[in-house]
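Scroll down for the structure; my scribbles are underneath it.
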Amino acid sequence: MACDRCFVTQGREGEKGSWCTTCGEKRFDVDDRVCGDCAHYVSRGLGGVCRKHLMGVSPGMHVTFKVEEGSCWTAIGVSPCA
């Protein structure tokens with residue numbers, strides 16, 4: 001359970017993800033899969049857009065997600081709205 005002061009996170013050397021600077025709990029993790037291989041990804045020239053989070057991403061960017069929500073990565077060919 002997140003503390004009510006988890007407003008600032010910071011990475012740790014040699015580890016992937018980000019931890020709350022107040023309580024020390026891991027808040028964000030990084031998926032091994034890349035955005036460009038996700039059903040939510042739409043190519044837009046040199047970059048792309050994540051339709052789920054409505055943000056610009058590069059095809060090689062690794063999916064970053066809130067630990068409590070789990071990864072949003074969805075295989076291509078699977079309905080991203082399911």
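The values are calculated or read from the model by the stated rules, or taken from the named source; none is laboratory data. Keep in mind that this is a model prediction, so the values were computed, not measured. Glycine also receives a Cβ, built like all others from the backbone with ideal geometry; neighbour counts cover every protein chain displayed. We work out accessible area using only protein heavy atoms, side chains counted, and drop any ligands, DNA or RNA first. Shrake-Rupley method; radii C 1.70, N 1.55, O 1.52, S 1.80 Å.
Could you tell me whether VAL57 is open to solvent by less than 40 Å² (accessible area, probe 1.4 Å) and of a type in the set (A, V, I, L, M, F, W, C)?
Yes.
Exactly one residue out of ARG5, ARG51 is in contact with a His (Cβ under 7 Å, 6 or more places away or on another chain), surrounded by fewer than 16 Cβ atoms within 10 Å (Cβ to Cβ) and not small (Gly, Ala, Ser), and it is ARG51.
Being closer than 30 Å to ARG5 by Cβ and among the small types (Gly, Ala, Ser) narrows it down to one residue among GLY56, GLY60, GLY45; which is it?
GLY56
For LYS16, the criteria (1) open to solvent by less than 70 Å² (accessible area, probe 1.4 Å); (2) within 19 Å of TRP73 (Cβ to Cβ); (3) part of a loop (DSSP other than H, G, I, E, B); (4) not aromatic (Phe, Trp, Tyr) hold in every case but one, which is (1). Only residues that are assigned to a strand (DSSP E or B) and under 25 Å from THR9 (Cα atoms) were counted in the range 25-53, giving 11.
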